[in-house]
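Following: one structure in structure tokens, then a few remarks.
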Amino acid sequence: MSGGRTEGIPLGRIGGVPVTLSWSWFVIAAVTVLLYTPVLMEAYPRLGALNYAASLGFALTLALSVLLHELAHAWTGRAFGWPTGRIVLSLLGGHTHFGDVRSTPLASAAVSLAGPVVNLALGLAGWALLRTGEPSPTLGWVLLDLTTWANLIVGIFNVLPGLPLDGGRVVEAVVWAATGREHRGTVVAAWTGRLLAVGLVAVAAVTGLWRQPVALVLLVLVAGFMWQGAGASLRGAAILSRVHDVSAASLAEPAVAVPVGASLAHTDRVVAEHLARAAAPGGTVPHVLAVSADRQVVGLLVPAAADAVPADRRAETPLTSVVRHLPGDAVLDAGLRRESLLRAVAAREYPHYVVRGPDDALVGVLRSAALERLLAG
């Protein structure tokens, strides 16, 4: 929408993936310069004011490292057939948004590990380069040293076994593969993540790191990020537990297709025939879908509007006069399950969806309200 606030600065597409630099990144860049420059001033006094450039350069190279980390996630996901939406570089690193994903434990673990592997590779490459010469307090050497250690730390930290870290996704995948239930893996990995957050605070308290301003700020940011991220994962797991055995097909309510040019009287006969074929007398009245000659759904009958038409006028009243238009993308694959189903519904937010099976066969109509009641428990 024109005039609305944007999420950040679009950096274009890299390898086919849109990248956005969040406004929050500038906050962490400023914090890095303000808090880290005094540390560099003490360590490298001969650089003088160039230490400001080193701090800013470090923020930039770290952002580049995060970008490569997220691109590894995105490209690995693409190899498993995951549709990649975009990458956002933000306050505490970055995030890769995927589209409608039908994942497996193997795919989830592989995509998760791809990012830390890139950081570790960059860190080892930088370490090898630094070992080729003597330490030199130049701007380039300081920047390479900072970036090398940052990548090694980020790579090692990210493989720790707790959500929302990448290592937590691996734990989630292992438990998922062992139990067959994704949400159980999420619960285990989320609680491990919370234990890690508490452990960070405990280590800082015991070692005295809390007395150092830079370490204190980083500790608060990282521990808070991990605790909140683990909490979000636990909430997501609770939702997934309610839809573990649910699919679009299982939630679909009966529906009949009626030609778009039919009258209400003809529609009544189609519905009556459907009820007569039902296994139990007095079965559920099906939804009525007005369908074009090429099998495209045009609209959904509104029962209140149809019931308001008197019997002596139903033969001359067209079905289209009592239907609500359904958007062309209000269609769900009958095989959608669990998180994939939730994502598909959340991406469109329509009150009704047409559920289709193999060969585009009509399965029924899924009401968002029915899914919401299920999620609410």
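The values are calculated or read from the model by the stated rules, or taken from the named source; none is laboratory data. These numbers were taken from a predicted model, which means no experiment stands behind them. Heads up, the Cβs are rebuilt from the backbone with ideal geometry, glycines too, and the neighbour counts pull from every protein chain shown. We work out accessible area using only protein heavy atoms, side chains counted, and drop any ligands, DNA or RNA first. Shrake-Rupley method; radii C 1.70, N 1.55, O 1.52, S 1.80 Å.
Only residues that are touching a helix residue (DSSP H, G or I) at 6+ places or on another chain (Cβ under 7 Å) and under 20 Å from His95 (Cβ atoms) were counted across region 121-160, and they come to 8. Taking the criterion of being open to solvent by 40 Å² or more (accessible area, probe 1.4 Å) and either modelled with pLDDT of 80 or more or of a type in the set (Asp, Glu) (or both), the residues of region 200-211 that qualify are Leu200, Val201, Ala202, Val203, Ala205, Val206, Thr207, Arg211.
Residues in region 12-54 that are of a type in the set (Gly, Ala, Ser) and loosely packed, with under 15 Cβ neighbours inside 10 Å: Gly12, Gly15, Gly16, Ala30, Ala43, Gly48, Ala49. Quick check on my filter: what residues within region 233-277 are open to solvent by 50 Å² or more (accessible area, probe 1.4 Å), touching a residue at least 24 places away in the same chain (Cβ under 8 Å) and over 24 Å from Ala293 (Cβ atoms)? Hits for region 233-277 are Ile239, Ser241, Arg242. Between Leu139, Leu106, Leu120, Leu152, the distinction of being modelled with pLDDT of 90 or more and open to solvent by less than 30 Å² (accessible area, probe 1.4 Å) belongs to Leu152 only. Mind checking whether some residue in region 324-341 is out of contact with any helix residue (DSSP H, G or I) (no Cβ under 6 Å at 6 or more places or on another chain) and more than 30 Å from Thr84 (Cβ to Cβ)? Looking through region 324-341, at least one residue is out of contact with any helix residue (DSSP H, G or I) (no Cβ under 6 Å at 6 or more places or on another chain) and more than 30 Å from Thr84 (Cβ to Cβ). Listed conditions (1) without any contact (Cβ under 8 Å) to a residue 60 or more places away in the chain; (2) farther than 30 Å from Val27 by Cα are all met by Val220, apart from (2). When region 120-138 is limited to residues that are in a helix (DSSP H, G or I) and in contact with a Phe, Trp or Tyr (Cβ under 9 Å, 6 or more places away or on another chain), the one that is nearest to Pro164 (Cα to Cα) turns out to be Gly123.
Yes/no per residue for (1) among the acidic types (Asp, Glu); (2) closer than 30 Å to Tyr44 by Cα; (3) crowded, with 21+ Cβ neighbours inside 10 Å:
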residue	(1), (2), (3)
Thr147	no, yes, no
Ile156	no, yes, no
Leu165	no, no, yes
Val174	no, no, no
Ala190	no, no, yes
Val198	no, no, no
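Taking the numbered list (1) open to solvent by less than 30 Å² (accessible area, probe 1.4 Å); (2) at pLDDT 85 or above; (3) more than 29 Å from Arg324 (Cα to Cα) in turn, Phe225 passes all entries but (1).
Restricting the first member to region 195-209 and to residues that are β-branched (Val, Ile, Thr), and the second to residues that are part of a helix (DSSP H, G or I) and surrounded by fewer than 15 Cβ atoms within 10 Å (Cβ to Cβ), no beta-carbon pair is closer than 7 Å while six or more apart or on different chains. Listed by position, the strands (runs of 3 or more DSSP E) contained in region 1-96 that have at least 1 residues being among the hydrophobic types (A, V, I, L, M, F, W, C) and free of Cβ contacts under 8 Å to residues at least 24 places away in the same chain are 8-14. Contact map, region 356-375: first residue under 16 Å from Arg338 (Cβ atoms), second residue of a type in the set (Gly, Ala, Ser) and in a helix (DSSP H, G or I), Cβ cut-off under 7 Å, separation 6 or more or different chains; pairs are Leu366/Ala248. Look at Val288 and say whether it is open to solvent by less than 80 Å² (accessible area, probe 1.4 Å), touching a strand residue (DSSP E or B) at 6+ places or on another chain (Cβ under 7 Å) and either outside any strand (DSSP E or B) or among the aliphatic types (A, V, I, L, M) (or both). It is true that Val288 is open to solvent by less than 80 Å² (accessible area, probe 1.4 Å), touching a strand residue (DSSP E or B) at 6+ places or on another chain (Cβ under 7 Å) and either outside any strand (DSSP E or B) or among the aliphatic types (A, V, I, L, M) (or both).
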